[in-house]
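Asker: The structure is given below, and queries will be raised subsequently.
What follows draws every value from the coordinates through simple rules; no lab data is involved. Nothing here was measured: the structure is a model prediction, and the numbers come from that model. Here Cβ is always computed from backbone atoms with ideal geometry, including for glycine, and neighbour counts include all displayed protein chains.
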There are 2 protein chains.
Amino acid sequence: MAPPPTKPHGAARLADVADAAGVGTSIVSRVLNRDPTVSIRPETRERILSAARRLNYRPNALGRGLKLARTMTLGLVVNLDYGEVGEIVSAVERRAADADYTTLIADANAFVERGDTYSRLLFEGRVDGLLVASGLANDELVRELRGEGVPFVLLNRRLAGVEPSVTVDDALGARIGVEHLLGLGHRRIGYIAGPEYADVARRRLKGVRGALRDARLRLGEGHLVHGALAGDAGFDAMEQLLAARQPPTAVAIWSPTAAFGALAAAKRGGFRVPDDISIVAFQDLPLAAFFDPPLTTVRMPLREMADKGVDILLRLVDGDGAKSVVVHTPPELVERRSTGPPTR
Amino acid sequence: MAPPPTKPHGAARLADVADAAGVGTSIVSRVLNRDPTVSIRPETRERILSAARRLNYRPNALGRGLKLARTMTLGLVVNLDYGEVGEIVSAVERRAADADYTTLIADANAFVERGDTYSRLLFEGRVDGLLVASGLANDELVRELRGEGVPFVLLNRRLAGVEPSVTVDDALGARIGVEHLLGLGHRRIGYIAGPEYADVARRRLKGVRGALRDARLRLGEGHLVHGALAGDAGFDAMEQLLAARQPPTAVAIWSPTAAFGALAAAKRGGFRVPDDISIVAFQDLPLAAFFDPPLTTVRMPLREMADKGVDILLRLVDGDGAKSVVVHTPPELVERRSTGPPTR
DNA sequence: CTGAAAGCGCTTACAG
DNA sequence: CTGAAAGCGCTTACAG
């Protein structure tokens with residue numbers, strides 16, 4: 001059996017357009033690519049343009065990519081296990097599409113194994129650059145990435161010596177959440193932090209500590225628990241917090257998914273929210289509005305971060321330098337009903 | 001400025017391996033690709049293999065794809081606005097990766113505009129095939145797809161005259177949910193259905209009606225409301241249902257996200273769940289466990305569906321025929337706490 | 001047992 | 001104003 005044609009059956013190649021217009025391929029290519037240095041008779045140009053239109057011509061991405069050393073595709077490494085990345089995936093895809101780029105998605109779990117997924121993204125010339133949006137990738141792996149020759153930007157993660165990264169101001173976000181609690185009158189504030197190895201988690205913790213310190217407070221005994229991102233991790237962490245000798249009257253939680261679990265744990269433990277305990281989560285999720293009570297969160301500018309990440313990566317791809325940036329859009333308190341003044 | 005090399009700087013090309021091994025490129029290609037028809041001296045093969053290893057050689061995907069008319073990448077068209085597709089995206093990506101395929105993700109909203117996103121996927125030879133997992137694409141568009149020359153499979157959607165599709169048994173899933181309600185003793189059952197144009201929604205509605213009919217029941221006056229997928233649509237729909245002359249004692253909801261909204265509406269309206277009203281949603285979501293009360297759902301085998309979709313698409317790409325299939329893994333009731341016997 | 005050559009679909013100096 | 005040719009990195013008949 002003959003191999004299938006590269007272009008979908010019947011699809012026009014450059015040569016077909018050239019034939020149809022009765023010219024050579026080079027001039028077709030230059031006209032279609034708007035080469036400013038062509039001088040061409042208007043009627044010839046018209047013939048070319050109309051032939052291309054008639055044949056519904058689109059340059060084959062592989063042929064073009066091979067010649068130009070540009071695939072016009074970006075790789076996005078992301079942990080697909082959690083719904084929290086939805087906004088980032090969609091923002092990256094759209095921003096890339098706006099720049100005529102296509103987005104290859106790769107699961108972070110497979111990527112960090114350094115197996116085929118890793119190779120496909122780095123050694124096969126499939127992508128012009130990489131967006132690494134996973135907290136999973138350990139520091140060593142990320143450092144190694146620098147030597148692989150593919151431009152990349154870190155999304156929502158900073159690592160000494162690795163540039164560029166695009167982050168949101170997590171410390172500020174955390175601070176805003178805690179100050180909200182403080183403003184309500186809380187003094188015994190607990191915190192469910194993320195894993196210590198995760199940079200985002202560390203920055204949020206720093207923000208929490210800073211806000212507390214400014215109020216001449218600190219995390220009390222048993223009031224800091226480290227947990228993972230998922231709902232049941234939040235559930236367990238909250239149970240621990242509530243078992244403290246003197247439970248907090250308010251708790252901040254590093255991730256909304258964990259917060260959903262934590263909220264469930266509080267209620268299951270007989271605590272009314274927000275009367276007995278207030279809860280605020282860092283990062284907003286649309287679903288937060290439908291919990292009982294609707295969850296107060298701090299909205300982080302993730303879409304802006306993703307957009308910026310794409311922009312910077314594209315600049316890198318173009319050979320321009322690029323520095324790490326912190327997205328300036330400030331985090332925003334989304335006050336719903338899970339926070340209120342302390343009653344104890 | 002010289003254009004950047006196609007391969008990451010310093011990456012080895014086939015010719016580099018050939019040079020290093022002191023042989024020609026053809027034999028290298030054949031050895032590396034395990035061409036069964038080569039007969040080669042063991043030491044030569046060893047030289048080639050070790051050179052490839054030493055240089056960390058990986059064939060450039062563009063060069064290879066151009067020659068073979070195989071990109072080894074799949075396109076996934078999906079509505080990225082909702083978290084419900086997370087499981088599908090991750091399943092597709094993994095299954096594709098297992099088959100050495102890479103996954104291009106495209107937002108359904110942009111795809112249906114028939115603009116650049118549509119062209120990139122269909123006319124530029126970027127993908128070997130397409131997985132269309134969006135209810136958004138209207139029938140006309142899907143029919144048109146048949147003429148574009150790119151193999152595709154429809155995920156979770158059937159359309160007369162368009163093959164193949166991979167679906168789960170939505171009618172059965174819906175039936176299981178309703179029979180659960182029936183078994184609990186409910187007789188006044190309401191249903192929040194999806195949009196009438198969506199095939200999934202229609203199949204679920206059919207299942208609901210069938211189960212009711214078998215129990216010699218039917219949807220009462222004002223007990224059927226059509227709503228969209230999002231939480232607030234569910235919220236509004238539930239409010240309508242509850243305003244019926246005689247509100248139902250149990251309601252089934254076509255999507256879990258809508259169900260979260262509906263649950264909130266019920267509680268906000270002063271209805272206790274499940275005492276005053278039972279709620280079951282079709283399709284499970286991990287977060288469902290953290291609602292108050294934890295939401296009873298019917299788990300649909302989405303991962304199996306996605307896996308099957310990839311398998312079938314790959315067969316299609318290989319030129320084999322493929323028929324539509326309904327994934328046989330049965331939907332499963334996940335009984336949590338939002339359903340109970342009627343008290344009215 | 002192994003290599004030189006053609007060609008996938010494109011773009012870009014270069015020639016005329 | 002326009003075309004022929006080379007070459008991006010690969011694979012595969014074909015020749016020897």
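Asker: If you average the sequence gap of Cα pairs under 8 Å that are 6 or more apart and divide by the length of the range B:170-300, what percent do you get for the contact order?
Answerer: About 26 percent, as a whole number.
Asker: Just tell me how shielded A:11-22 is by partners: mean number of partner chain Cβ atoms within 10 Å of each residue's Cβ, no decimals.
Answerer: 1
Asker: Hey, another quick one. What are the extents of the Cα atoms of chain B along their three principal axes, in Å, largest first?
Answerer: So the three principal-axis extents are 86, 44, 36 Å.
Asker: Turning to a different aspect of this structure: How large is log10 I(q)/I(0) at q = 0.17 Å⁻¹ when the Debye formula is applied to the Cα atoms of the range B:1-117, each weighted equally and without solvent?
Answerer: The computed values of log10 I(q)/I(0) come out as -0.94.
Asker: Enumerate the whole-percent occupancy of each 10 Å bin, from 0 to the last occupied one, for all C-alpha pair distances of the protein assembly as shown.
Answerer: 3, 14, 21, 23, 19, 12, 6, 2, 0
Asker: Taking the alpha-carbon centroid of each part, what is the distance from the range B:88-127 to the range A:221-275 in angstrom?
Answerer: With the range B:88-127 and the range A:221-275 each reduced to a Cα centre, they are spaced 40 Å.
Asker: Remind me, what semi-axes does the range A:132-181 give for its equivalent ellipsoid, largest first in whole Å, using sqrt of 5 times each Cα gyration tensor eigenvalue?
Answerer: Equivalent ellipsoid of the range A:132-181: 28, 10, 8 Å, largest first.
Asker: Sticking with this one: Compute the Cα gyration tensor for the range B:14-67, then decide on rounded, prolate or oblate, letting a ≥ b ≥ c be the square roots of its eigenvalues: rounded whenever a/c is under 1.5, prolate when a/b is larger than b/c in the other cases, and oblate in all that remain.
Answerer: Here the range B:14-67 falls in the oblate category.
Asker: For the range A:170-300, count the residues as N, evaluate 2.2 N^0.38 Å, and divide the Cα radius of gyration by that value, please.
Answerer: Relative to the rule-of-thumb radius for its length, the range A:170-300 sits at 0.91.
Asker: Can I ask one more? Which lysines does A:K323 reach when only Cα atoms under 27 Å apart count, and residues fewer than 8 places away in its own chain are ignored?
Answerer: A:K206, A:K308, B:K7
Asker: Write down Rg/Rh for the range B:58-134, rounded to two decimals, with Rg from the C-alpha atoms and Rh from the Kirkwood relation over Cα pairs.
Answerer: Reported Rg/Rh (Cα atoms, Kirkwood Rh): 1.00.
Asker: Let me ask you something else. Just to be sure I understand the curve: with the Debye formula and one point per C-alpha of the range B:142-224, what is log10 I(q)/I(0) at q = 0.12, 0.13 Å⁻¹?
Answerer: Taking Cα atoms of the range B:142-224 as identical point scatterers yields -0.44, -0.50.
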